[in-house]
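Quick notes on the structure that follows.
The values are calculated or read from the model by the stated rules, or taken from the named source; none is laboratory data. Being a predicted model, the structure only gives us computed values, none of them experimental. Reconstructed Cβ throughout: ideal geometry from the backbone, glycine too, with neighbour counts over all protein chains shown. Quick note on the areas: whole protein, heavy atoms, side chains included, nothing else; ligands and nucleic acids left out. Shrake-Rupley method; radii C 1.70, N 1.55, O 1.52, S 1.80 Å.
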Amino acid sequence: MRTRLESCLQSIDRVLLGKELQVRLALTCLLARGHLLLEDLPGMGKTTLSHALARVLGLGFQRIQFTADLLPGDILGTSVFDKESAQFVFHPGPIFAELILADEINRATPKSQSALLEAMEEGQVTIEGATRPLPAPFFVIATQNPVTQGGTFALPESQLDRFLMRLSLGYPARAAEKALLLAGPGRQRLPELEPVLDHAMLAEIQAEIPRVRVSDALVDYVLRLVEATRSQPQFAWGLSPRGSLALLAAARAWAYLAGRDYVIPEDVQAVLPAVAGHRLRERADPAGHGGGTLVQWLLREVAAV
């Protein structure tokens, strides 16, 4: 199974050049049954990564373009009166897919953004008083533009916390961009990707992730990190229990991808920036985005102990 996972990574790496770490973290997030937030400038490959993951994992894919006039019904679906049956018939929205790309999520109003909350947390949606289950597996990959750009609505902390990880692809290295210019956009190579996993294989892997062993000492190590965010004065607030559970789940999935059935501190350190960066704020600037600086402090002062 791990051989197939490495094949997944290699296939995506051929499409998204020079982003091996981000691709591995993205797959880690999905294996841990999390949701992924990709925050970057337009044109960095966020959509290409989402399409590539859906293809190699063999998942049904839907893209939702978030705009200021998007309504919750455009995401969830709505009931339409059918003349023949003289009844209202529910027409499911694009949320009823296995992998959802919520593109430029912070361009929509908070009301439309919140339509994803129940889906991401419970794997179901409630529409017109009826609760409807979503397909399994169900993954949301949301992209957002920097909040400094015009026409954006910042995601509230409660919604940011629903994402297991936040990643930034960043500019490619010079060698990778040269290869991109010579070979053409990675999106052109997407049709070449073949499914490497099927639904049964993916479900089996996801069931194995929680069985990756963690020792008492490793849990104490995670607790030291979490407690530092709650006690040190530079943090506006600390990681919640959901955040500590997310950190351990991501570390388990990272260890599994590395071919181990046990977690070591280096696994926690590898996923900590992606898991904790969007959950932390500096006390001096609680409305800002100082999570990355705080994570670096954690890695330097606590993780090394």
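Across the options Gln65, Ile105, Ala52, the greatest Cα extent toward the positive end of the charge dipole of the stretch 15-111 (unit charges at beta carbon of Lys, Arg, Asp, Glu) belongs to Ala52. For the listed peptides 191-199, 235-243, a ranking on the average number of other beta carbons within 10 Å per residue, highest first, reads 235-243, 191-199. For the chain, just say rounded, prolate or oblate: build the C-alpha gyration tensor, square-root its eigenvalues into a ≥ b ≥ c, call rounded for a/c under 1.5, and beyond that prolate if a/b exceeds b/c, oblate if not. Judged from the Cα gyration tensor, the chain comes out rounded (a/c under 1.5). Here the calculated FRET efficiency for Leu71 and Ser215, from their Cβ-Cβ distance with R0 = 41 Å, stands at 0.25, rounded to the nearest 0.05.
Computed from point charges on the beta carbon alone (+1 for Lys and Arg, -1 for Asp and Glu), the dipole magnitude for the stretch 175-249 about its Cα centre is near 300 Debye.
How much of the accessible area of the stretch 30-150, in percent, comes from carbon and sulfur atoms when a 1.4 Å probe is used? Heavy-atom surface of the stretch 30-150 belonging to carbon and sulfur, 1.4 Å probe: 51 percent.
Counting Lys and Arg as +1 and Asp and Glu as -1 over every other residue whose Cβ lies under 9 Å from the Cβ of Phe66, the net charge comes to -1.
For the stretch 1-46, the solvent-accessible area of protein heavy atoms averages 38 Å² per residue (probe radius 1.4 Å; ligands and nucleic acids excluded). Annotation for the stretch 243-272 versus the stretch 133-210: alpha-carbon center distance of 19 Å. Taken about its Cα centre, the chain carries a charge dipole of about 560 debye when Lys and Arg each add +1 at the Cβ and Asp and Glu each add -1 at the Cβ. In the elastic network of the chain, a GNM with C-alpha springs shorter than 10 Å, the most mobile of Val219, Val125, Val295 is Val219. Estimated purely from DSSP H runs of n ≥ 4, each contributing -39500 (n - 2.57), the mean residue ellipticity at 222 nm for the chain is -13000 deg cm²/dmol once divided by its residues. Think of each Lys and Arg Cβ as +1 and each Asp and Glu Cβ as -1; about the Cα centre, that makes the dipole of the stretch 163-293 roughly 420 debye. For the stretch 126-285, the solvent-accessible area works out to 49 Å² per residue, with a probe of 1.4 Å and every protein chain left in place.
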